[in-house]
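Every number in this text was worked out from the coordinates using simple rules, so none of it is lab data. Computed from a prediction, not measured in an experiment: that's the story for all the values here. Backbone-built Cβ (ideal geometry, glycine too); neighbour counts: all protein chains shown.
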Amino acid sequence: MIVVLDTNVLISATITRGRSADLLEHCMLRHTVVTSEYILEELTDKLTTKFHFSHREAAVLRRTLLEQMLLVFPDALPLRVCRDPDDDNILAAAIAGDCDCIVTGDKDLLVLKEYRGIPILTPRTFMDWEK
């Protein structure tokens, strides 16, 4: 299965040892995880500005993720889809990666339920869906 993990899932997996960390590990072992420059840049920015990671720590995490994820270069969506236009970048990555699902905790994405046939799931729903 090919999945894209939204930035909020990656942040949660990085700063806590809970469901998102388990989900990230599970996906890295069993699936192809897609990412984009947008997701990696947002992750780096949030970790350094909100969670006080050093730029070096964020860079190491970025390199580690890049070694294990498929980097895609999505085109912008032709029309705005999400209430938060930044979230369109997640949808674009999922399209570029030919993903089977998007995993997120973002309500602006979750409200869509799916985009172009790609289900948009919470981490909990994804793990239940896997069973």
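Pairs, please: C-beta under 6 Å, at least 6 apart or cross-chain, first residue assigned to a helix (DSSP H, G or I) and in the range 61-89, second aliphatic (A, V, I, L, M)?
Every condition considered, the pairs that remain are Arg62/Leu40; Gln68/Met28; Asp87/Leu109; Asp88/Leu77; Asp88/Val81.
Those residues that are surrounded by 12 or more Cβ atoms within 10 Å (Cβ to Cβ), over 14 Å from Asp6 (Cβ atoms) and among the acidic types (Asp, Glu), I need them from the range 56-97; list them, please.
Matches in the range 56-97: Glu57 only.
Give me the pairs, please: first residue somewhere in the range 1-30 and more than 21 Å from Asn89 (Cα to Cα), second residue anywhere and surrounded by fewer than 17 Cβ atoms within 10 Å (Cβ to Cβ) and of a type in the set (D, E, K, R), beta-carbon distance under 7 Å, and either six or more positions apart or on two chains.
Every condition considered, the pairs that remain are Arg19/Arg124.
For the structure I just gave you, tell me whether Ala58 is aliphatic (A, V, I, L, M), closer than 20 Å to Lys113 by Cβ and outside any strand (DSSP E or B).
Spelling it out, it is not the case that Ala58 is aliphatic (A, V, I, L, M), closer than 20 Å to Lys113 by Cβ and outside any strand (DSSP E or B).
State all residues of the range 1-22 that are under 12 Å from the mean Cα position of the chain (by Cα) and not polar (S, T, N, Q); if no residue qualifies, say none. Before you say what the answer is, go through the steps one by one.
Let us first name the residues in the range 1-22 that are under 12 Å from the mean Cα position of the chain (by Cα), namely 2-13, 20.
Hits for the range 1-22 are Ile2, Val3, Val4, Leu5, Asp6, Val9, Leu10, Ile11, Ala13.
In the range 117-131, how many residues are buried (at least 20 other Cβ atoms within 10 Å of the Cβ) and in a strand (DSSP E or B)?
3
Take the range 5-53 and flag every residue that is closer than 24 Å to Trp129 by Cβ and either hydroxyl-bearing (Ser, Thr, Tyr) or in contact with a Gly (Cβ under 6 Å, 6 or more places away or on another chain) (or both).
Within the range 5-53, Thr7, Asn8, Ser12, Thr14, Thr16, Ser20, Thr32, Val34, Thr35, Ser36 meet the criteria.
Does the range 30-55 hold any residues that are surrounded by fewer than 19 Cβ atoms within 10 Å (Cβ to Cβ) and assigned to a loop (DSSP other than H, G, I, E, B), and which are they?
Those that are surrounded by fewer than 19 Cβ atoms within 10 Å (Cβ to Cβ) and assigned to a loop (DSSP other than H, G, I, E, B): His31, Lys50, Phe51, His52, Ser54.
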